[in-house]
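Take a look at the structure set out below.
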Amino acid sequence: MRPSGRDVNQMREISIETGVTRHAEGSCLIKCGDTHVLCTASIDPRVPPFLKNSGLGWVTAEYGMLPRATHSRMNREAKRGQSGRTQEIQRLIGRSLRAGIDRVALGERQIVIDCDVIQADGGTRCASITGGWVALRLAVNKLIKAGDVLSDPMTDHVAAVSCGVYGGQPVVDLDYPEDSEAGTDANFVMTGRGRLIEVQASAEGATFGREELTTLMDLAESGIAELVSAQKAAVEG
């Protein structure tokens, strides 16, 4: 039995509210159960130096957790310095979102995705990727409307979900109680067409076999299909 009482293939309740900040070109508040992440997209006409005069666009990300996003207060990273975990998550979000965009069509500009975790209950990086895509989509829509790009650079949806083996049973969309005790922990990042972008899987206490990995993959595909539906409803609603 899962602590939440959910079935093994049951996602947490998903909510994506768009236009939650006034100034960002794209923004949303994504809620996956009790994990809440504010995602904003900012368009910058400058690209990193290594892309100057290349004609290629760039999508990058920054990630952070508010001091009381968790059970006890943590110091702001601006005070204590950015952790290796934060840097790894930022790179994951950036390369995941770049997999769903045509950088030639985007043109020589940069879009920065900021993901700020307001409340954490497991799966914050996955929620950041899923919500980050919505913010990115909204920002690109503004470029299209203004005539600043000739064709839509967004090639597909990008979403992510965590899966794991909890109590000997493969389950989807781990919350914190499950994540903290899972024997196997995995994150799947996929496109709307079901193509894999990244898989992060590790044995936390017990090794796992190919059959279990296949089951986790099946759970992830089903979960990501739900997330993509929520993305579509958010940007089209």
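Computed from the coordinates by the stated procedures, all read-outs in this text should not be read as laboratory data. Quick caveat, the model's predicted, so the values are computed rather than measured. FYI the Cβ positions are ideal-geometry reconstructions off the backbone, even for glycines, and counts take in every protein chain you see.
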If amide hydrogens are placed 1.01 Å from N in the peptide plane, which non-local residues have theirs closer than 5 Å to the one on residue 101? 155
I'd like the orientation of helix 84-98 relative to the chain: the angle between its Cα long axis and the longest Cα principal axis, in ° from 0 to 90, rounded to 10. 60
Potential lengthening between residue 21 and residue 144 on full extension [0.36 nm per residue; Cα-Cα distance subtracted]: 42.3 nm
Report, to the nearest 10°, how far helix 124-146 tilts away from the longest principal axis of the Cα atoms in the chain, using its own Cα long axis and a range of 0 to 90°. 20
Take the alpha-carbon centre of the range 131-197, take the same for the range 82-116, and report the distance between them in whole Å. 13
Using only C-alpha atoms and all pairs of different ones, pull out the Kirkwood radius for the range 162-216 in Å with one decimal. 11.3
Could you please report the charge total around residue 27, scoring K, R as +1 and D, E as -1 over all other residues with beta-carbon less than 10 angstrom from its beta-carbon? -2
How would you order 159-167, 105-113 from highest to lowest mean count of nearby Cβ atoms within 10 Å? 159-167, 105-113
Where a Cα-Cα gap under 22 Å defines reach, which lysines qualify for residue 142, not counting those fewer than 8 residues away within the same chain? 232
Can you spot the aspartates and glutamates whose alpha carbon is less than 20 Å from residue 79's alpha carbon? Ignore those fewer than 8 places along the same chain. 62, 88, 114, 116
Could you state the orientation-averaged shadow area of the convex hull built on the Cα atoms of the range 14-236, in nm² to one decimal? 12.7
Quick check on packing: order 35-46, 121-132 by the mean number of other C-beta atoms within 10 Å, highest mean leading. 121-132, 35-46
Kirkwood Rh (inverse of mean 1/r, distinct Cα pairs), the range 20-119, angstrom: 14.8
Treating the beta-carbon of each Lys and Arg as +1 and of each Asp and Glu as -1, no other charges, what is the dipole magnitude of the range 14-236 about its Cα centre, to the nearest 20 debye? 1040
Contour minus end-to-end for residue 218 and residue 152, with contour as 0.36 nm per residue of separation and end-to-end as the Cα-Cα distance? 20.7 nm
Which part of the range 156-186 falls in the paramagnetic zone of residue 202, meaning amide N under 16 Å from the point 7 Å along Cα-to-beta-carbon? 162-165, 179-186
The range 93-204 - Rg and Dmax from Cα coordinates, angstrom: 16.2, 53
